[in-house]
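K.L.:
Encoded as structure tokens, here's the structure I'll be asking about.
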Amino acid sequence: MGFLDKLFGKSTKQETNTVINNNKLKIAIVQGSVREGSNGESVADWMYDFASQRKDVASYEIVNLAKYDLPMLGQELPETDQAGAEAAIKAWSEKMASFDGYIFVTPEYNHAVGGALKNALDLLKPEVANKAAGFVGYGGLGGTRAHENLRLIFGELQVADVQTAVTFSLMSDFENMRVFKPADYHAANVNQMLDQLIAWAGAFKTLR
């Protein structure tokens with residue numbers, strides 16, 4: 001046993017692994033469409049598989065917005081529905097608060113982000129503040145205008161959105177606009193987005 005080991009004690013492999021796991025960033029892959037049979041499910045699954053194969057100091061989890069029966073912000077509900085709505089908001093809030101960063105998978109509706117995702121974000125603020133986010137879009141123009149809409153929203157929520165966004169075309173990355181088969185060239189863009197997200201998520205973690 002070396003001098004430093006005698007002085008400070010020798011770390012076991014289990015202790016070392018515990019430290020590594022505790023330092024891992026937690027990244028949510030948010031499936032932002034609630035439409036039944038949405039193409040977003042296959043895109044989110046692909047994104048999870050791609051990210052998980054990297055050697056990042058991060059763990060990834062898919063968060064499907066459709067699983068949270070959220071009320072509209074400010075909506076008046078019958079007394080019989082209030083407890084269920086409050087429970088849904090609490091579950092959504094706690095889930096989103098548990099992450100260090102986010103990848104939002106979203107289509108584009110009328111040059112903007114879908115209403116369900118916008119409403120879900122309106123129910124958050126401190127849960128996502130001083131964290132980082134990246135975007136993965138799909139649609140006729142790859143969801144680019146939804147991304148630009150999200151950048152405005154995140155400025156108010158104090159979420160740092162990274163520069164590189166991933167855009168999948170319904171025409172070239174989906175077979176018959178339904179079966180997701182992304183072109184190989186997207187890999188470089190996805191890696192760049194993830195590199196930026198991991199760097200910023202790690203930096204912002206030191207502020208909280």
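K.L.:
Using the 10 angstrom Cβ neighbour count as an exposure proxy, how do MET171, MET193, MET72 rank, fewest first?
P.N.:
Listed from fewest to most nearby Cβ atoms, that is MET171, MET72, MET193.
K.L.:
List the GluC sites (Glu not before Pro) within segment 46-90 that fall in a DSSP loop (any state other than H, G, I, E or B) and whose Cβ has at most 15 other Cβ atoms within 10 Å.
P.N.:
GLU76
K.L.:
Still on this structure, I have one more. Enumerate the residues in segment 175-200 having an amide nitrogen under 13 Å from the point lying 7 Å beyond the Cα of VAL57 toward its Cβ.
P.N.:
The answer is 198-200, whose backbone nitrogens lie closer than 13 Å to the label point.
K.L.:
Would you calculate a helix-derived [θ] at 222 nm for the chain, using -39,500 (n - 2.57) for each DSSP H run of n ≥ 4 and dividing by the full residue count, to the nearest 500?
P.N.:
After summing the helix terms and dividing by residue count, I get -14000 deg cm²/dmol.
K.L.:
What number, in percent, do you get for the relative contact order of segment 25-205 if the mean sequence gap of Cα pairs under 8 Å and at least 6 apart is divided by its residue count?
P.N.:
Relative contact order for segment 25-205 comes out at 23 percent.
K.L.:
Stokes-Einstein at 10 °C, 1.306 mPa s, Kirkwood radius from Cα pairs: D for the chain in µm² s⁻¹?
P.N.:
86 µm²/s
K.L.:
Oh, and also: To make sure I understand, if each residue's beta carbon is the centre and we count other beta carbons within 10 Å, what order do PHE104, PHE204 fall in, fewest to most?
P.N.:
PHE204, PHE104
K.L.:
Can you tell me the orientation of helix 79-97 relative to the chain, as the angle in degrees between its alpha-carbon axis and the longest Cα principal axis, to the nearest 10?
P.N.:
For helix 79-97, the angle is close to 40 degrees.
K.L.:
Sort HIS111, HIS186 so that the residue with the fewest other Cβ atoms within 10 Å of its own Cβ comes first and the one with the most comes last.
P.N.:
Ordered from fewest to most neighbouring Cβ atoms within 10 Å, HIS111, HIS186 come out as HIS111, HIS186.
Every number here is computed from the coordinates shown, using simple stated rules; none is lab data. Just so it is clear, the structure is predicted and the values come from calculations on it, not from any experiment. Cβ sites come from the backbone with ideal geometry, for glycine too, and all protein chains shown count toward neighbours.
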